[in-house]
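Quick notes on the structure that follows.
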Amino acid sequence: MNLRSDAPPIVASAPPTLVIECLTPAVDCGRFSAKRLAGDVVRVGADIFRDGHDILAAQVLYRGPADDEWRSVPMAFEFDDDRWYGEFAVDQAGGWRFTVEAWIDAFATWRGELKKKHDARQDVASELLEGAELVHGASRHARGGDRTALDSAAALLRRAAAPQAERVVAGAAAPLLELMARYGPRPGLTRAPAPLPLWVDRPRAGFAAWYEMFPRSFPGAAGGHGTFRTAAAALDRVAGLGFDVVYLPPIHPIGHTHRKGPNNTLLAGPSDPGSPWAIGDSAGGHMAVAPELGTLEDFRFFRERAEALGMEVALDYALQCSPDHPWVREHPEWFFVRPDGSIKYAENPPKKYEDILPINFWCDDRAGLWHACRDVLRFWIGEGVRTFRVDNPHTKPFSFWEWVIGEIHGEHPDVVFLSEAFTRPKRMKRLAKLGFSQSYTYFTWRNSASELESYITELTATPMREYYRGNLFANTPDILHEYLQQGGPPAFRIRLLLAATLLPIYGIYSGFELFEAEPLRVGSEEYLHSEKYQVRPRDFSGPSLDEDLMRLNRLRREHPALQRYDNIQFLPTGDEHVLCYRKVAGEDDLLVLVNVDPAAPHTAAVDLGEAMDATDLATGVSERLDATPWEVTLDPSAEPGRIWRLATLGAPGGEA
């Protein structure tokens, strides 16, 4: 082989280096934080190797938000995927970091060679002396009893008068291996180039049932416009249904200029309340409450009542203003000013929102504006709010969200942010990477079994699961899907069962439990008589989903398998209308079958691959499922789905 005369000289690296690459969990090579929950065990993986045949050792280094120094856990080599793994527990919300370091395990390498030669009946006198030198070197770093033990081991390895077999056994003794792992040399010690970030949320960020309600539509016995105090009386019912979070749309003063009337009409009557998203009037802006709802003290009463019932209150964080907002008068430069001097209102042609003014986040006074937006969050955090549903974050700068969430999490790592971004997938993913704790999803528009399986698999079994935590809202004030409009009560039961069991976070908007399904017009996803534009009191005493809600929310609390995000396995059913999935957490093994066709019964054939005992969690009835496929017929008019707890035959809870 001819070499070019101008080829660069070959330079050998000295000393040889180890390679550490492909660390996980990582999001965009460490640009963003992977997400976990307090109480989780983080499994770190890395490819670690080097030239030659030396045995390696490795460890994970990690630091929590309160740690002054790195902590460490050993890593183990997994032969099947040729990769190293180590685990550590995260017990506190906030920013964590981790990295990996590896080295040549000189003592393990020596021990391996010693065993091979001894097993081959070769003389190992020289090798035993080499081992003695390694142990003696380690003893210089030890103190007390550990140093004495190492010195004794080194002396035995050197003792020529002792039988070689005895010395070989001594070199492999477990206490010596432990001491050498602690004090032994670490030649070639190499650390991954940079620590990776990990964000840890409090548990409720990853497991919760949300209930959205407009306080103004809970007027109490007197009727009229509801208040915080009259709405507080409804919290007993919501808590009784098993919800964890009560989400309130904007509670601030509502503007009068261009106020919208019922069904989004352009002209409002004198008693029409307007849209809560048209924030601000003479009574104040984002740090004030609508006088019709009461006072700040009344809000505290509502929040404290919710907390006494085991729920927390989430507030809407909508960064937009009505033309009457104090910011418009005090800081017109924070908005988009047209050449004629007027301030631009929101539009989504052909739709016009004259009652709402978008904010110019890149105005000349960007710092003042951004700080004011951050201070809104600080104010409500000071009022005891720890969860915010963020309205349309995709219409604001990505850099703003990374900054403001970072600012708030630096002060209050327990705060939860839900991204309400129904937009293109990459934008939704970017917002999640920037720090949002949870995200709305396309669940509302995924209604067939194949669509659901494909989408939930994308959320839970691809790299998205490291940073995107989906919240499956079955409906919202903006979204009444055709499936619900046409499917009747069975459709509502199906969507509730799916939302509550596919992922650990889900929500409904008030009225869902009453089967509200009348659209503004055919082909529209808007509700007729939308609560966004009028007070809409409800009678909750009639037919409802209350029993389904209570049962499902109870099962979610009782079964760890329904509290995990990444543990879903879809199984074939032989019927395109039936979705089957299994969720396992430790010994909690659940099987869910759902007929997604609200109009007709369907029969599924399920094969678990082994005989199992199955207990129906709705009836408590147990049956044996054979290893061969078994059939289940689901009639949506009676019971659109079933949930079983599985147990291996002969195991506790299973049949003998």
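The values are calculated or read from the model by the stated rules, or taken from the named source; none is laboratory data. Everything numeric in this text was worked out from a predicted model, so none of it was measured. Ideal geometry is used to build each Cβ from the backbone, glycine not excepted, and the neighbour counts take in all protein chains shown. Keep in mind that these areas ignore ligands, DNA and RNA; they rest on the heavy atoms of the full protein, side chains included. Shrake-Rupley method; radii C 1.70, N 1.55, O 1.52, S 1.80 Å.
Here are a few things to note about the model shown:
- Evaluated over region 573-656, the Cα radius of gyration and Dmax, each in Å: 12.8, 40
- Here the scattering of region 253-404 is modelled by Debye summation over its C-alpha atoms, one equal scatterer each and no solvent; at q = 0.12, 0.15 Å⁻¹ the log10 of I(q)/I(0) is -0.55, -0.86.
- Stokes-Einstein D for region 454-542, Kirkwood Rh over Cα pairs, 37 °C, 0.692 mPa s (µm²/s): 228
- 10 °C / 1.306 mPa s Stokes-Einstein diffusion coefficient of region 171-319, Kirkwood radius on C-alpha pairs, µm²/s: 82
- Between 0 and 90°, nearest 10: helix 482-502 axis offset from the chain longest Cα axis: 30
- Highest-first arrangement of 195-203, 466-474, where packing means the average Cβ count within 10 Å: 466-474, 195-203
- Only helices enter this figure: runs of n ≥ 4 DSSP H residues, each worth -39500 (n - 2.57), summed and divided by the residues of the chain, yield -8500 deg cm²/dmol at 222 nm to the nearest 500.
- Region 558-656 - percent of accessible surface contributed by carbon and sulfur, probe 1.4 Å: 48
- Looking at the chain, the DSSP beta bridges with both ends there are about 70 percent antiparallel.
- For region 500-572: span of alpha carbons on each principal axis (Å, largest first): 41, 30, 22
- Value of D in µm² per second that Stokes-Einstein yields for region 98-253, Kirkwood Rh from Cα pairs, at 10 °C (1.306 mPa s): 74
- What separates the Cα centres of region 520-596 and region 306-334 is a distance of 30 Å.
- Folded to 0 to 90 degrees: helix 106-119 orientation relative to the chain principal axis, Cα: 50
- Calculated P(r) tail over 20 Å for region 443-501, as whole % of Cα pairs: 27
- For the chain, the spread of Cα positions along the three principal axes, ordered from largest to smallest, is 106, 68, 62 Å.
- Per residue solvent-accessible surface (Å²) - the chain, probe of 1.4 Å: 45
- Label zone of residue 82 (point 7 Å out along Cα→Cβ, amide N under 15 Å): in region 20-38 this covers 20-22.
- Backbone amide hydrogens, once placed in the peptide plane, bring residue 42 within less than 5 Å of 88, 89, 90, excluding anything fewer than 5 places away on its chain.
- With both labels modelled 7 Å from their Cα along Cα-to-Cβ, the residue 330 to residue 19 distance reads 6.0 nm.
- Projected onto their three principal axes, the Cα atoms of region 592-633 cover extents of 32, 23, 12 Å, largest first.
- Convex hull projection area averaged over all views, region 23-63, Cα basis, nm²: 4.1
- Axis angle, to the nearest 10 degrees, between helix 296-308 and the longest C-alpha principal axis of the chain: 50 degrees.
- Computed on the Cα atoms alone, the convex hull of region 124-186 gives a volume of 69 cubic angstrom per residue.
- Rg(Cα) / (2.2 N^0.38 Å) computed for region 361-460, rounded to two decimals: 1.23
- Its Cα gyration tensor gives region 66-128 an equivalent ellipsoid. The semi-axes, each the square root of 5 times an eigenvalue, are 38, 14, 8 Å from largest down.
- Note on region 100-151: Kirkwood hydrodynamic radius from all Cα pairs is 12.3 Å, rounded to one decimal.
- Heavy-atom accessible surface of region 318-379: percent carbon and sulfur, 1.4 Å: 52
- Straight-distance crosslink candidates among lysines, where the alpha carbon sits under 17 Å from residue 433 and sequence neighbours closer than 8 are dropped: 35, 396
- Neighbour cut-off at most 11 other Cβ (10 Å), DSSP loop, trypsin sites (Lys or Arg not before Pro), region 133-164: 140, 143
- Within straight-line reach of residue 352, meaning a Cα separation under 17 Å, sit the following lysines at least 8 residues removed in sequence or on another chain: 260, 344, 532.
- Our compactness index for region 35-163, the C-alpha radius of gyration over the empirical 2.2 N^0.38 Å, is 1.38.
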